[in-house]
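Please treat every number below as a calculation from the coordinates, not as lab data. Here the structure is a predicted model, which means the values were calculated and not measured. Cβ placement follows ideal geometry from the backbone for every residue including glycine, while neighbour counts extend to all protein chains displayed.
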């Protein structure tokens, strides 16, 4: 944290300490007396939602800037996909078969982290949702390569904790899905989609829509497991119906292995450019 203060005014931390040590009276115990920025009940009021949105955008932004994060490689994928050694615990035979993508996510993250470490270690940093399954595999691969990785967790109704491989100083927790999604993509140099469920589909289509509409630069956009994705989504039917353009199918590419993904990222033709128009409109 930058402690180089240039303001002549009193430090906020000092006032929090001083306010905590005031005499105990009915006035100082009143909620109204609390410093506004140190009052949890006040900050959680409905009227403060715009402030909370800003804070959730600002806190990870500042901490990642201070850590020197320049670019990320984003991994989306199913939390229920087991590691190969735990495939016997999978709820379905399909999930057990998909465990191979746990290994591919781990290997891919290791390779991309090593690529980043060849420079200054601040590029191609693996970024996941911080949970189990494919997310855990991504953070684990980065850790095995000796690099850092990011986990963007979110508070869910059921008990959840970040996986043990996320770099602690880059482990964040969110209340707002929308702000979390912004942080996934703000530094993304590549987006990799592994087999998954509703959450993965949501993140995939939202990211594709941003690229399709020119709201985001084109980046390498890779779908691991062609047979899975062609079975889940009828891409050709969307094209034939005219609801997407044939050119929209060029926004992403199918891969099967970590090595194929690394090669695709290094040879991606349109990286860093934005669409000027939406084909077919």
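Points worth noting:
- When restricted to Cα atoms, the stretch 11-136 yields an Rg and a Dmax of 22.9, 65 Å, respectively.
- Compactness relative to 2.2 N^0.38 Å, alpha carbon Rg of the stretch 124-224: 1.04
- Summed over qualifying helices (DSSP H, 4 residues or more, each -39500 (n - 2.57)) and divided by its residue number, the chain shows a 222 nm mean residue ellipticity of -12000 deg cm²/dmol.
- Stokes-Einstein D (µm²/s) once Rh is taken as the Kirkwood radius of the chain over alpha-carbon pairs, at 37 °C in 0.692 mPa s: 157
- Cα-only Debye scattering, the stretch 16-73: base-10 log of I(q)/I(0) at q = 0.29 Å⁻¹: -1.12
- Relative to the longest principal axis of the Cα atoms of the chain, helix 49-67 runs at roughly 70 degrees.
- From least to most packed, judged by other beta carbons within 10 angstrom and beginning with the fewest, 217, 259, 269, 56 follow the order 269, 259, 217, 56.
- Panel order for 44, 127, by other beta carbons found within 10 Å of each beta carbon, from fewest to most: 44, 127.
- The ranking of 64, 135, 216 from fewest to most other beta carbons within 10 Å of each one's beta carbon is 216, 64, 135.
- Value of relative contact order over the stretch 130-281, rounded to a whole percent, pairs C-alpha under 8 Å and six or more apart: 20
- Our analysis of the stretch 186-281 gives Rg over Rh at 0.94, with the two radii drawn from alpha carbon positions and Rh computed by the Kirkwood formula.
- With a Förster radius of 51 Å applied to the beta-carbon distance between residue 178 and residue 88, the computed FRET efficiency rounds to 0.85.
- The angle between the Cα long axis of helix 100-117 and the main principal axis of the chain comes to about 70°, on a 0 to 90 degree scale.
- The angle between the Cα long axis of helix 198-212 and the main principal axis of the chain comes to about 80°, on a 0 to 90 degree scale.
- With contacts taken as Cα pairs under 8 Å and at least 6 residues apart, the chain reaches a relative contact order of 17 percent.
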